[in-house]
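Below is one structure, written out as structure tokens; the observations come after it.
Here, each number is a calculation from the coordinates, and none is a lab measurement. Predicted model only: the values in this text are computed from it and were never measured. A quick note on method: Cβ atoms are made from the backbone with ideal geometry, for glycine too, and the neighbour counts reach across all protein chains shown.
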Amino acid sequence: MRDSKFLNLTLILILLSIFLYSDLQSQEVQPQNNIATNTDSTGQVDNSGIKKKDTICFKYTFYPKDTLIYKVVAADSITHNLDNPVFKVRTETLEVVCDSVDKQSNYYLTMRTLTLDSKEWSKNQDTVTRNSSPWLGKRVRLVIDSLGDRKKVYLLDSTFSITSPGGVFTPYLFFPLCETNKALGTSWLVRTKDTLYENAYPPGILEQTSLFRMKDTLNIDSEKFALVTFVKTGKGIYGITNEEMTLEVDNVINMYGELMISLENFVPVQYIATEEQKLHVTINDGTRVPTWQNTMIKFNLMSFKRDISPLNNDIQKLRKELKKQKHLN
């Protein structure tokens with residue numbers, strides 16, 4: 001019985017992995033070899049330009065009124081205790097808007113899920129389709145710098161307990177990179193503690209260690225992208241206490257991800273991740289229920305709008321100031 005469940009789950013995850021990666025593979029992707037060598041008149045190799053050309057500057061840059069729309073496709077399997085697993089395939093639309101940028105170049109982003117199409121089933125249950133959720137439309141304010149380091153995060157719209165369709169610890173789009181200007185093949189270690197308001201209220205807290213790697217640069221439809229990969233392990237906690245119930249969750253996650261950042265607009269254009277969670281859910285009477293959740297998820301940028309007119313106005317003002325200073329001198 002357990003073998004048949006495992007085979008069914010494996011088959012579903014394989015099919016979903018093919019689905020999630022198919023559109024990326026169907027595009028013409030050309031790795032960019034940024035290493036160049038020059039020879040002088042004596043035939044000696046000049047390596048002075050290698051380090052500069054082989055170093056990739058990846059970061060986030062947002063301007064006020066930037067609007068990004070992501071299609072999010074995910075597959076989850078959730079098993080409580082030794083019950084039959086519940087399978088879920090969901091498609092969401094995520095909106096990210098930059099409201100403002102402060103003097104320290106911190107970006108004030110507002111995120112919300114606009115639409116949901118979810119199908120759930122198990123061995124003993126027919127497929128159920130859901131198109132609504134209390135999470136829809138809930139706005140999350142996230143303040144980050146150009147490397148994704150979190151300055152503030154909070155939920156704008158709710159003071160009631162609420163959880164996103166993917167759960168408290170589902171993979172999220174904006175996570176700390178902490179470093180940039182990396183040579184191809186370079187790895188770096190990041191340890192952070194993130195409060196995940198973009199997944200639930202009250203939020204889960206995830207303490208994690210990530211090993212990043214500057215994997216490659218890609219050229220797709222004449223646009224260049226940085227490809228950053230990572231493996232992550234972490235521990236999370238979550239709790240709810242009210243008149244009706246007391247719920248505590250602790251988990252351990254293992255994860256692999258690939259993040260593509262545009263080297264022209266400096267926004268995330270694609271993020272693919274697989275995550276395994278091992279959770280213990282403690283309910284009112286102290287009963288601990290072991291739970292496993294496996295998730296495959298893909299964020300794909302579908303629409304990007306940027307109004308650069310305020311930037312052009314600032315440039316014109318700066319030019320006028322420079323001209324005045326020249327006349328004065």
Listed by chain and number, the residues whose amide H is under 5 Å from that of Ile144, excluding neighbours fewer than 5 places away on the same chain and using placed H, are Tyr107, Leu109, Lys151
Of the residues Thr282, Asn294, Met260, the Cα lying farthest along the dipole of the stretch 174-306 towards its positive end, which is defined by charges on the beta carbon of Lys, Arg, Asp and Glu, belongs to Met260
Residue by residue through the stretch 66-74, the couplings from Karplus 6.51 cos²θ - 1.76 cosθ + 1.60 with θ = phi - 60°, in Hz, x for Gly and Pro, are 3, 10, 10, 10, 10, 8, 10, 10, 9
Expected sort for Thr159, Thr91 with the fewest Cβ neighbours (10 Å cutoff) up front is Thr159, Thr91
Computed ³J(HN,Hα) along the stretch 321-327: with the Karplus parameters 6.51/-1.76/1.60, θ = phi - 60°, integer Hz and x for glycine or proline, the list is 5, 5, 5, 4, 5, 5, 5
Note: probe point = Cα of Lys152 + 7 Å toward Cβ; backbone nitrogen < 16 Å; residues of the stretch 98-112 passing the test are 98-111
Residue by residue through the stretch 166-181, the couplings from Karplus 6.51 cos²θ - 1.76 cosθ + 1.60 with θ = phi - 60°, in Hz, x for Gly and Pro, are x, x, 5, 10, 4, x, 10, 6, 9, 10, x, 8, 6, 9, 8, 6
Once amide hydrogens are built 1.01 Å from N within the peptide plane, the residues lying 5 or more places from Gly204 or on another chain with amide H under 5 Å from its amide H are Leu196
Checked against a 31 Å limit on the C-alpha separation, the offending pairs among Lys151/Lys320; Lys215/Lys278; Lys119/Lys152; Lys59/Lys232; Lys305/Lys326 are Lys151/Lys320; Lys119/Lys152; Lys305/Lys326
